[in-house]
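These notes are about the structure you will find just below.
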Amino acid sequence: MSTTASAAATRYEAEGASATCDGFIESNHTGYSGTGFCNANNAVGAAAQFTVTASAAGQATLAIRYANGGTANRPADIFVNGAVAHAGAPFDLTGAWATWVTKTLTVSVNAGSNNIRLSPTTANGLPNIDYLDFEANGVSPSPSASSSPPPGRPAECTGTSPIRCNFAVSPGNYTVTAWIGDRASAGNTSMSVEARRRILPAVSTAAGTITQYVFTINVRQPEGQPTGQGGTGTPGLQFTFAGSAPKLSGLTVQPASNPLVVYLAGDSTTCDQMIAPYTGWGQLLTTHVKAGAVIANYADSGESSGSFLNNSALFPTMRPLIKTNDLVLIQFGHNDKQTSASTFRSNLTSMINQVRGRGGIPVLVTPPVRRQFNGSQLTPTALHVNGVGVNLPAEMRNLGSSLNVPVIDLTAKSEALVESMGPTNSAQLYLRESVDGVTDNTHFSEYGAGRMADLVVQGIRERNLSLVAYLR
């Protein structure tokens with residue numbers, strides 16, 4: 001949770017809900033603010049990330065409070081919305097871990113939600129991070145000159161908290177423009193569509209502030225899983241505007257003109273889960289994508305590489321929709337528990353060839369790990385060595401190499417994340433009895449799905465896929 005640091009700046013504590021830490025929240029050194037600080041893992045890329053809110057696009061000042069009681073400077077790349085704003089920013093020695101200093105940087109931000117990521121460039125990792133103060137510099141609270149005036153809430157919308165809207169449109173891709181905020185009162189508004197697909201994290205707006213957002217949305221029926229598991233939803237396009245005080249001053253829906261479509265082919269760890277608390281990473285990948293590109297999630301619970309390929313509601317339905325240069329992210333392994341290496345390769349090869357036959361670009365995504373530990377290390381089962389001894393991620397890596405298909409190694413990325421958090425802290429990535437009412441070390445909480453989506457985006461950037469141009 002953020003609290004006001006001054007009349008102009010907003011404070012985001014490293015232990016707060018709007019921040020993540022690739023390590024541990026600790027309180028074993030004095031002098032910190034709030035209830036703790038981020039002690040990130042000593043590794044390249046073990047980051048601290050803050051989600052901050054700007055009322056409009058422009059310049060902003062970051063004031064990062066940190067302590068470095070080590071023996072060397074701990075430089076970090078400062079990313080804003082996935083792009084490097086400051087390369088190798090130094091975090092110099094402070095003399096002791098209880099001696100805190102503030103480093104100030106200027107960055108450019110977008111209107112609404114922004115991700116500020118501190119990613120260390122050496123194996124020393126980050127210094128301890130206490131908080132980030134965020135201050136917009138001369139940013140006008142009113143919509144920019146290029147924004148259209150808000151048209152008012154349409155008749156398709158009802159309610160106040162949440163606000164729900166239903167547009168009677170056919171399946172397809174649509175350009176959606178939303179005016180978030182209110183002339184008379186402050187607000188806090190998030191936006192989701194269809195089957196719990198998060199489009200916009202909660203953004204706060206001051207009274208008199210209205211910000212225009214534009215997205216491209218995919219509409220399917222059933223709206224969640226293609227086989228209807230968990231329910232088929234309501235025909236058309238549904239919106240939910242939630243948050244602590246949702247404010248909506250306008251909403252329009254128009255057919256999209258030839259967007260880049262990113263199709264997802266996978267299982268329950270990827271799919272649009274209709275029923276909480278289960279959340280697939282595809283449901284939160286949408287928060288990373290701006291207008292002009294759209295996520296079309298055809299993943300389905302319980303599917304193996306073979307069942308997805310052959311079920312008429314799945315690959316045979318998705319395949320004819322693929323057009324030239326569309327991306328198809330293919331993730332299987334969780335349910336290929338008894339699949340032989342040759343069959344697994346054959347199934348994936350068939351999908352790859354058929355995607356290419358449509359002019360699309362296939363991308364293999366190795367499956368995220370299960371949370372099954374032996375001591376501090378994940379077990380072979382967690383790493384998807386199946387019941388007949390096939391190392392499924394290794395098969396995907398080898399197949400990608402032989403067929404010249406990009407591979408996003410989500411297995412390796414999630415293994416590093418889960419093992420760095422350890423057997424206890426990694427539970428928050430999955431479903432817990434105490435929080436979710438169910439214990440499940442395969443499926444993700446909303447937080448865990450978000451972290452997996454972050455890793456997929458990281459892989460998209462590393463492979464320089466065409467979606468990079470459309471990432472927020």
### Message
For residue 320, only one of the following conditions fails: (1) without any contact (Cβ under 8 Å) to a residue 40 or more places away in the chain; (2) within 28 Å of residue 461 (Cβ to Cβ); (3) open to solvent by 30 Å² or more (accessible area, probe 1.4 Å). What is its number?
### Response
(2)
### Task
Report yes if some residue within the range 370-387 is open to solvent by 60 Å² or more (accessible area, probe 1.4 Å) and in contact with a helix residue (DSSP H, G or I) (Cβ under 6 Å, 6 or more places away or on another chain); otherwise report no.
no
### Message
Here's a check for you: in the range 424-441, which residue that is of a type in the set (Val, Ile, Thr) and out of contact with any strand residue (DSSP E or B) (no Cβ under 7 Å at 6 or more places or on another chain) is nearest to residue 337 (Cα to Cα)?
### Response
424
### Query
Quick check, is residue 268 in a loop (DSSP other than H, G, I, E, B), under 27 Å from residue 320 (Cα atoms) and either open to solvent by 10 Å² or more (accessible area, probe 1.4 Å) or of a type in the set (S, T, N, Q) (or both)?
yes
### Test: residue 260 is aliphatic (A, V, I, L, M) and buried (at least 21 other Cβ atoms within 10 Å of the Cβ)
no
### Task
Test residue 214 against the stated conditions and say whether it is open to solvent by less than 30 Å² (accessible area, probe 1.4 Å) and either in a loop (DSSP other than H, G, I, E, B) or in contact (Cβ under 8 Å) with a residue 24 or more places away in the chain (or both).
no
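Checking the condition without any contact (Cβ under 8 Å) to a residue 60 or more places away in the chain, buried (at least 17 other Cβ atoms within 10 Å of the Cβ) and either touching a strand residue (DSSP E or B) at 6+ places or on another chain (Cβ under 6 Å) or under 12 Å from residue 131 (Cα atoms) (or both), which residue from 53, 35, 94 passes? Give the steps one after another, and end with the answer.
Values: 53 fails: without any contact (Cβ under 8 Å) to a residue 60 or more places away in the chain; 35 fails: buried (at least 17 other Cβ atoms within 10 Å of the Cβ).
Matching residue, one of 53, 35, 94: 94.
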### residue 43 vs. criteria farther than 20 Å from residue 202 by Cα, of a type in the set (A, V, I, L, M, F, W, C), assigned to a strand (DSSP E or B) and touching a residue at least 40 places away in the same chain (Cβ under 8 Å)
no
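The values are calculated or read from the model by the stated rules, or taken from the named source; none is laboratory data. Remember, predicted model here, so these are calculated numbers, not experimental data. All Cβ positions, even for glycine, are placed from backbone atoms using ideal geometry, and neighbour counts span all protein chains on display. Areas reflect the complete protein model, heavy atoms only, side chains present, ligands, DNA and RNA absent. Shrake-Rupley method; radii C 1.70, N 1.55, O 1.52, S 1.80 Å.
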